Every structure is written in structure tokens, then in C-alpha cells.
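Take a look at this one; I'll ask things after.
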Amino acid sequence: MSSIADNIGSVTRRIQKATLKAGRPPGSVHLLAVSKTRAAEDLREAAAAGQTAFGENYLQEALDKIAALEDLPGIDWHFIGPIQSNKTRQIANAFSWVHSVDRLKIACRLSEQRNSDLPPLNICLQVNINEEESKSGCSLEELEGLASAIGELPNLRLRGLMAIPAPNQPEAKLRASFRKLANALKTLRQAQPEAGPLDTLSMGMSGDMETAIEEGATWVRVGTALFGKRSPKS
Ligand SMILES: *Cc1c(COP(=O)(O)O)cnc(C)c1O
């Protein structure tokens, strides 16, 4: 079995190769290590190999790991899971990024509850790009209104958009989904230049990061290819 450090090396090479192939500047794509269900010791191993950004989906599990790894310098925690409104206070203060904001109520609470001693919280709006019944995320039509309202919130920085395309799509459909998200970001930048930096596309996972990078991803969120297969959550 390959080690987590080996996997970080090979994923980093995959990212570099795809970035080059896409004609994009080296270093323009960041690796978010998706560490849901992994033990704190696995994250420590990844951090020792140079990984600094970790993505978590479940608040309590994340808080336990953040506490266990408090001694590690320079770690950035990203929240990427569905957000319940009674959890926003802890999310607002334990993380530096939230990729999964999909409604104004959540954004308002995150801004209100973010400790003003901290720098503004970086957020992405999650878009339900394939209009799946069961999936969180706003619609493309809602983006402009949401961005304009979020642009007024003092403790948030609207960085861009995030999507999780429908599983098992043929390559062409998947690529079209990523492209749709990239185009939505461009449109938003023109329509709402004041809303925030709008420099971020959070898209692409273990199986499809190359396609996402070719379509403009700036963060790929990678779990399995770094840490191995997840056991089903009990
Ligand atoms: C689990 C998860 C990932 C990582 O998926 P892998 O296929 O294991 O790389 C990425 N993004 C989100 C939102 C996730 O929940």
C-alpha cells in the first residue's frame, strides 16, 4: 500500500500535469485534502508531507481533529459539508473557508457570528449544477441576487463558486458541468464586481480533477486518492 506522502506526491504531479496541459500558470490550482472520516494521525502524516489545507464535512468530527492537531502550525481548515443553521457559530470561527454556502440566511449568520478579531471568512457559493433533487446548492438563477447580498456582509469574502456534479456522468457531460460553473463565475464577476474577489472555482475530486483543472478549477477537493477508500460511515 502506498503511503499518504506518496499519494500527495502523485496527486500533486497529476495537478501539475493537468495545469500545464491546460496552459495555466503553475501553482494556480490548490489541493484541498478532504479528510472526512480519517483519523487525526492520517492528517498529521499528510501535514508532515507538506499538506496545509484540509476539508471536512462533519462539524463535530472536524472540531475534534482541529483540537487534536492544534500543535501543527499553518493548517487551514475548510468546511465543505451541508450547513445546519444551528451550527453556524462554530463553523464561522473554526474554519478559514466555507465552500458550501447555498442560502442567504446561512451567509448572514456566518458573517454575524464570525469573531471580528479574525480575518473575513472566505466563502464559496455551492451551485446545484445538474439540478439534482436531492443535492444542496443554489440554482444558477439565484447566484446574482445572493452574491449582491453577500457582498454587503462585513465578515465574509465571497471567493467564488463550488459544485459537486452528478455522479457517473459521461466525460462530455461532466466537462460541460464544470464549464457551466466556470461561465457562471465569469458572468458573476461582470455583474457583481463589488461582491468579492470572485477568483475561486472549487471543483474536481479524485476521479475527475484533470477535467476540472482543464475547465478552470482553482481548488480541487481530493479524498480517496490521498487517503484510500473510505469505509462507509456508520
Ligand atoms: C468527500 C468529498 C470530496 C472528495 O471525494 P473523493 O472522491 O474521495 O476525492 C470532495 N468534495 C466533497 C464536497 C466531498 O464531500
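Identify, by number, the condition in (1) more than 13 Å from the ligand (Cβ to nearest atom); (2) closer than 22 Å to Ala225 by Cα; (3) touching a His at 6+ places or on another chain (Cβ under 7 Å) that Ser28 doesn't meet.
Ser28 satisfies every listed condition except (3).
Which of the residues belonging to the range 1-30 are assigned to a loop (DSSP other than H, G, I, E, B), of a type outside the set (Lys, Arg), out of contact with any helix residue (DSSP H, G or I) (no Cβ under 7 Å at 6 or more places or on another chain) and within 12 Å of Thr218 (Cα to Cα)?
Selection gives Pro25, Gly27.
If Leu156 satisfies every condition in (1) within 17 Å of Ile80 (Cβ to Cβ); (2) aliphatic (A, V, I, L, M); (3) within 14 Å of the ligand (Cβ to nearest atom) but one, which is the exception?
Result: Leu156 passes all but (3).
Mind listing whichever residues of the range 106-128 are part of a helix (DSSP H, G or I) and either within 30 Å of Ala176 (Cα to Cα) or within 16 Å of the ligand (Cβ to nearest atom) (or both)?
Residues satisfying the conditions are Ile106, Ala107.
Continuing with the same structure: Within the range 208-234, how many residues are exposed (fewer than 13 other Cβ atoms within 10 Å of the Cβ) and either within 12 Å of the ligand (Cβ to nearest atom) or without any contact (Cβ under 8 Å) to a residue 24 or more places away in the chain (or both)?
Within the range 208-234, the first condition is being exposed (fewer than 13 other Cβ atoms within 10 Å of the Cβ), and the residues that meet it are 229-234.
Of the ones still in play, those that are also either within 12 Å of the ligand (Cβ to nearest atom) or without any contact (Cβ under 8 Å) to a residue 24 or more places away in the chain (or both) are 229-230, 232-234.
Residues that pass the stated criteria total 5.
Evaluate the following for Leu63: is it within 27 Å of Ser231 (Cα to Cα) and either of a type in the set (S, T, N, Q) or more than 13 Å from the ligand (Cβ to nearest atom) (or both)?
Values: within 27 Å of Ser231 (Cα to Cα): yes; either of a type in the set (S, T, N, Q) or more than 13 Å from the ligand (Cβ to nearest atom) (or both): yes.
So Leu63 fits the description; yes.
Could you check Thr224 against (1) touching a helix residue (DSSP H, G or I) at 6+ places or on another chain (Cβ under 8 Å); (2) modelled with pLDDT of 95 or more and say which number it fails?
For Thr224, the exception is condition (1).
In the set Ala166, Ala191, Ala182, which member is among the hydrophobic types (A, V, I, L, M, F, W, C) and within 16 Å of the ligand (Cβ to nearest atom)?
Ala166
The values are calculated or read from the model by the stated rules, or taken from the named source; none is laboratory data. This is a predicted model, so every value here is computed, not measured. Don't worry about glycine lacking a Cβ; one is built from the backbone with ideal geometry, like all the others, and counts go over all protein chains shown.
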